[in-house]
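A short write-up of the structure that comes next.
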């Protein structure tokens, strides 16, 4: 098992998905590719990981993940609604069984009273639907990215366990 | 400056691109999101980084980066031709000024006599065209990913310096 607890989580995810024909895709905003990087640290990850989209701009969320412009305008990029649309978009675009998305305010800038630095939504979509959760991290930019990535991997593991049950 | 030399490289890239209206996108295969992760470790990266695609499967290279099926069939995913098509595809899909791509055999499996573990192509595309370079890393999976990511950032810095000259 990897010494990095986040890579160890990716190893658990791989063990769950491999052999069950469960494929995974990612849609990342504030984590900026970290979730995909952790997944692909594990040898053999190409057996279940199809790919991911890092949609840092709103344009990329629209054009590559099919997040509706009205949803972005009404709720903002850091919202439960956009997180859900990103996860569903990634699942559809990659033809994956399971997809996770992360959108949040990594900091140090970009926060507001309504959406403070550290506010993060993580969503997981599979054939049964989409779940979304809200978090508020209090670390610096790097720490917030790692907390969000850890949560994304945990939710994938949880959903993959359920799918396998 | 960051203590991680790869994040320090991303800081240099950001300083070069910011204020020159030079935007950047990524297309990653064997680095699996590491280049985008390093770029987004730097506060303010959303000012020039639009996003990236982690195209781990051949299907993703075709459907999300418009790599022609004939090119994949003729040269294989780890080839100069596919690296160039990935960089051009990312530049077009994200509407970025500059795009980098990485495709290689990260290992430990997947190597062959013709395409050994560690063989990696990195391409950079801008409005003037696309450059591609070939490398052969000799580390383990994690080390090969970091070498490839370092090279991708170095080539982006080189091209951004030229564009700014």
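Structure above, values below:
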{"quantity": "Translational D in µm²/s for the protein assembly as shown (Stokes-Einstein at 37 °C, 0.692 mPa s, Kirkwood Rh from C-alpha pairs)", "calculated": "170 µm²/s"}
{"quantity": "Calculated FRET value between residue A:131 and residue A:3, using beta carbons and R₀ = 35 Å, to 0.05", "calculated": "0.70"}
{"quantity": "Closest approach to the axis - chain B beta-carbon, rotation onto A, Å", "calculated": "B:33, 2"}
{"quantity": "Partner chain coverage, peptide B:44-51 - average Cβ within 10 angstrom", "calculated": "5"}
{"quantity": "DSSP bridge pairs, chain A: antiparallel proportion in percent, nearest 5", "calculated": "60 percent"}
{"quantity": "Convex hull of region A:15-139 built on C-alpha atoms - directionally averaged projected area, nm²", "calculated": "7.8 nm²"}
{"quantity": "Label geometry 7 Å along the beta-carbon vector: residue B:20 inter-copy distances in nm", "calculated": "4.8"}
{"quantity": "Mean ellipticity per residue at 222 nm, deg cm²/dmol - from DSSP H runs of n ≥ 4 across chain B, formula -39500 (n - 2.57)", "calculated": "-14000 deg cm²/dmol"}
{"quantity": "Cβ neighbours within 10 Å from other chains - mean over B:86-96", "calculated": "2"}
{"quantity": "Chain B: angle of helix B:80-94 to the longest principal axis, Cα-based, in degrees nearest 10", "calculated": "40 degrees"}
{"quantity": "Listed peptides A:2-15, A:29-42, B:68-81 by packing density, highest first (mean Cβ within 10 Å)", "calculated": "A:29-42, A:2-15, B:68-81"}
{"quantity": "Extension gain (nm, one decimal) between residue A:138 and residue A:80, 0.36 nm per residue minus Cα-Cα", "calculated": "19.0 nm"}
{"quantity": "7 Å along Cα→Cβ, label-point gaps from residue A:162 to other copies, nm, shortest first", "calculated": "5.0"}
{"quantity": "Gaussian network model of chain B, Cα within-10 Å springs - most flexible of B:20, B:93, B:141", "calculated": "B:20"}
{"quantity": "Label point 7 Å beyond Cα along the C-beta direction, distances from residue A:127 to other copies (nm, shortest first)", "calculated": "4.8"}
{"quantity": "Helix B:5-17 axis, angle to chain B major axis (alpha carbon atoms, nearest 10°)", "calculated": "60 degrees"}
{"quantity": "B:150, B:91, B:133, B:159 arranged by Cβ crowding within 10 Å, fewest neighbours leading", "calculated": "B:133, B:150, B:159, B:91"}
{"quantity": "Angle between chain A longest axis and helix A:141-164 axis [Cα atoms, degrees, rounded to 10]", "calculated": "50 degrees"}
{"quantity": "Rounded to 5, the percent of DSSP beta bridges in the protein assembly as shown classed as antiparallel", "calculated": "60 percent"}
{"quantity": "FRET efficiency for residue B:109 and residue A:112, using Cβ-Cβ distance with R0 set to 56 Å, rounded to 0.05", "calculated": "0.75"}
{"quantity": "Distance from region B:86-165 to region A:12-31 (C-alpha centre basis), Å", "calculated": "24 Å"}
{"quantity": "Residue mean of other protein chain beta carbons inside 10 Å, B:54-63", "calculated": "6"}
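Every number in this text was worked out from the coordinates using simple rules, so none of it is lab data. This structure is a prediction, so every number in the text was calculated from the model and none was measured. Cβ: placed from backbone, ideal geometry, glycine included. Neighbour counts: every protein chain shown.
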